[in-house]
1. What number comes out for the charge environment of Ser447, summing +1 per Lys or Arg and -1 per Asp or Glu over other residues with Cβ under 15 Å away?
2. At a 10 angstrom cut-off on C-beta neighbours, averaged per residue, how do the peptides 132-139, 214-221 rank from highest to lowest?
3. Per q in 0.20, 0.27 Å⁻¹, report the Debye log10 I(q)/I(0) for region 319-362, using one uniform scatterer on each alpha carbon and no solvent.
4. How big is the gap, in Å, between the Cα center of region 323-359 and the Cα center of region 93-163?
5. Any chance you could give the angle, 0 to 90 degrees and rounded to 10, that helix 145-157 forms with the longest Cα principal axis of the chain?
6. How big is the C-alpha Rg of region 48-304 next to the rule-of-thumb value 2.2 N^0.38 Å, as a ratio?
7. What is the magnitude of the charge dipole of region 380-464 about its Cα centre, with +1 placed on the Cβ of each Lys and Arg, -1 on the Cβ of each Asp and Glu, and no other charges, expressed in debye to the nearest 20?
8. Take every Cα-Cα distance within region 257-298, group them into 10 Å bins from 0 onward, and report for each bin the whole-number percent of pairs it holds.
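A short reminder: the numbers here are calculations on the coordinates, not readings from a lab. Everything numeric in this text was worked out from a predicted model, so none of it was measured. Positions of Cβ are backbone-derived with ideal geometry, glycine not excepted, and every protein chain shown enters the neighbour counts.
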Amino acid sequence: MRRDIEGRANGEAPEARQRAVRRDAAVRAAVEQRLIGPDAAVVGLLDVTGIRESAAALRAAFDTAVPPGTPVLHAFAVKAAPLVPVLRLLCEADLGAEAASPGELALARAAGVPAERTVLDAPAKTPAELREALALGIAVNADNPQELDRLDTLVHAAPTRSPLGIRVNPQLGGGSIRTTSTATATSKFGVGLRDEGAREWVVRAFLERPWLTRLHAHTGSQGIPLPLLGRGVAETYALAQEINARAGRQQVDTLDIGGGLPVDFTAEATAPTYAQYVRVLRQEVPGLFEGRYGLVTEFGRSLMARHGTVLARVEYAKSAGGRRIAVTHAGVQVATRTVFAPEAWPLRIAAYDAEGRPKRGPEVVQDVAGPACFSGDLLAEGRVLPELAQGDHAAALDTGAYCFAHHYAYNSLVRPGIYGFAPDGSGGVAFATVREPQTLAEVVAESGGAHADALTTLRAPGSR
């Protein structure tokens with residue numbers, strides 16, 4: 001059993017307190033403006049002010065470290081929040097986009113992210129994807145020798161302005177979450193530098209291709225400690241130095257150091273910060289900030305997680321085996337990782353009453369359950385919270401990344417509406433639609449509704 005944090009952030013830093021105040025106001029306004037209610041029992045809320053603040057903090061942290069004039073691109077990892085309005089907001093905050101699929105690339109283009117501020121990373125790019133990226137002038141990091149062969153063919157067939165590089169894996173080991181550790185010995189990503197002959201192959205690949213100018217590595221994501229992230233960047237920097245020394249010139253001019261800054265999901269305060277990460281890089285890789293290399297980052301979760309809230313109405317409140325259970329409309333469909341791996345992906349829960357006000361009163365041990373038809377569909381288990389009653393609201397905090405924008409269609413549950421919020425200038429809260437709630441008709445259409453007779457009319461020749 002664990003006491004949860006209600007979201008008021010008592011004793012936290014001013015930034016965290018202000019974020020909690022904005023969230024409380026948004027929940028109350030969402031109830032009052034009927035964004036949530038009997039006809040819309042779960043919604044996603046995005047704090048526009050907080051997103052802008054995170055983008056500014058990222059830029060400021062690196063701006064204080066690099067010499068003036070050093071090219072720095074902060075390419076938001078689209079997979080963290082694949083929503084066109086979010087990408088447009090971040091683009092206006094001077095961020096770019098890192099896409100890992102044709103769909104993500106299409107979202108970035110729909111958001112108006114310029115090609116020169118877009119990076120294509122993926123372990124399974126098709127020839128068509130590569131051809132499109134090179135035609136648009138989008139940066140590409142080749143994942144493996146076979147992909148580099150494809151780039152050879154395309155580059156020789158038609159000139160391109162795309163910056164091109166190779167992704168490497170420093171093979172330094174994993175963090176506390178195996179599935180988000182990308183620098184393990186057998187990771188599927190990049191060229192493993194400690195495999196026999198691999199490092200020399202990478203160096204030779206650059207020496208034989210003057211058009212290769214970038215080196216990319218991404219050590220991991222959630223669960224990766226800062227020192228390990230720093231070591232991954234140091235290994236990449238050392239390899240770039242070796243390539244340039246062997247080439248006798250500055251062939252590698254840009255280092256794409258990936259993202260992966262973890263989020264502390266147990267507390268309101270932001271930790272670690274971008275400033276702390278930059279300090280680690282200065283210690284581990286002092287040459288990184290001397291201006292000889294342009295930099296690309298690919299942060300996702302750390303930019304968005306704090307600024308999203310899943311708000312769900314409590315449909316029923318019951319007891320089983322002496323345990324209180326609040327049955328809500330938010331579960332595996334909006335917090336898939338939490339439901340299937342709760343120890344690795346815990347979420348804080350805040351309790352609100354029927355009017356959307358922070359709930360007061362006696363605290364009890366309770367589960368916060370979702371609507372899906374399997375027993376493990378729990379947002380939280382054994383949490384100490386003010387007792388949630390029918391008609392109250394449960395808020396899953398820190399869900400702005402990898403949650404409500406990544407719908408898991410179990411039980412054909414509809415995708416919730418997503419709304420951004422900001423102060424309205426007169427003491428209230430204004431909302432903007434980010435994504436419309438899905439309708440039942442759309443669920444039917446996506447499930448083959450237009451082809452209902454397709455299988456019943458499919459018969460072998462001569463059969464009746």
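1. With Lys, Arg at +1 and Asp, Glu at -1, the net is -2.
2. 214-221, 132-139
3. -0.91, -1.07
4. 38 Å
5. Computed tilt is about 70 degrees.
6. After normalising by residue count via 2.2 N^0.38 Å, the value is 0.94.
7. Here the size comes out at about 480 debye.
8. Reading upward from the zero bin: 25, 49, 20, 6.
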